[in-house]
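**Q** Would you mind keeping the following structure in view while I ask a few things?
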Amino acid sequence: MRVLVVEDDPDLLRQLNKALGDAGYVVDQAADGEEGHFLGDTEPYDVVVLDLGLDGVTVLKRWREAGRKMPVLILTARDQWGEKVAGFDAGADDYVTKPFHMEEVLARVRALIRRSAGHASPELSCGTLLVD
């Protein structure tokens, strides 16, 4: 599984790279929005962790307008409800505010990958019984 992390804080980028790498992901990194946009637009990623502080809403909108469908987890210090709504409206799939626990980010990455692979569904079935 390939993960793109777009984060400008070098310490946090290193921590995310290590944690995701230790969890078995192949991690590509971008330290600014321009490089992040380019990588996300040209490479196949299973999930992207995107810092909003790097003009992330614009980057995300451009990906979605170009038809890029990879799940995106926004990771940011911005915790105002309006900024969260803007992130989701731009096409984010999940949102985590800083500070955070690395285990939560890893769990959310796993959940995004499950959902994008079709393993999570609002429907449950057992034989001929279907519950929506």
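**Q** Residue check: is Gly87 out of contact with any His (no Cβ under 7 Å at 6 or more places or on another chain), on the phi > 0 side of the Ramachandran plot and modelled with pLDDT under 95?
**A** no
**Q** From the list Ile113, Ile74, exactly one residue is within 19 Å of Asp11 (Cα to Cα), open to solvent by less than 80 Å² (accessible area, probe 1.4 Å) and of a type outside the set (S, T, N, Q). Which is it?
**A** Ile74
**Q** Further, regarding this structure: Check whether at least one residue in the range 18-38 is β-branched (Val, Ile, Thr), farther than 15 Å from Leu112 by Cβ and open to solvent by 60 Å² or more (accessible area, probe 1.4 Å), and report yes or no.
**A** There is at least one residue in the range 18-38 that is β-branched (Val, Ile, Thr), farther than 15 Å from Leu112 by Cβ and open to solvent by 60 Å² or more (accessible area, probe 1.4 Å).
**Q** Among what's in the range 39-68 and is touching a helix residue (DSSP H, G or I) at 6+ places or on another chain (Cβ under 9 Å) and over 19 Å from Lys84 (Cα atoms), pick the residue that is least open to solvent (accessible area, probe 1.4 Å).
**A** My answer is Gly40.
**Q** Let me ask another. Considering the range 87-104 alone, what residues qualify as being buried (at least 18 other Cβ atoms within 10 Å of the Cβ) and either part of a helix (DSSP H, G or I) or of a type in the set (Asp, Glu) (or both)?
**A** Answer for the range 87-104, where residues must be buried (at least 18 other Cβ atoms within 10 Å of the Cβ) and either part of a helix (DSSP H, G or I) or of a type in the set (Asp, Glu) (or both): Gly87, Ala90, Asp93, Asp94.
The values are calculated or read from the model by the stated rules, or taken from the named source; none is laboratory data. All of these numbers come straight from a predicted model, not from anything done at the bench. Please note: Cβ atoms are built from the backbone with ideal geometry, for glycine as well, and neighbour counts cover all protein chains shown. To get the accessible areas, we keep the full protein, side chains included, count just its heavy atoms, and leave off ligands, DNA and RNA. Shrake-Rupley method; radii C 1.70, N 1.55, O 1.52, S 1.80 Å.
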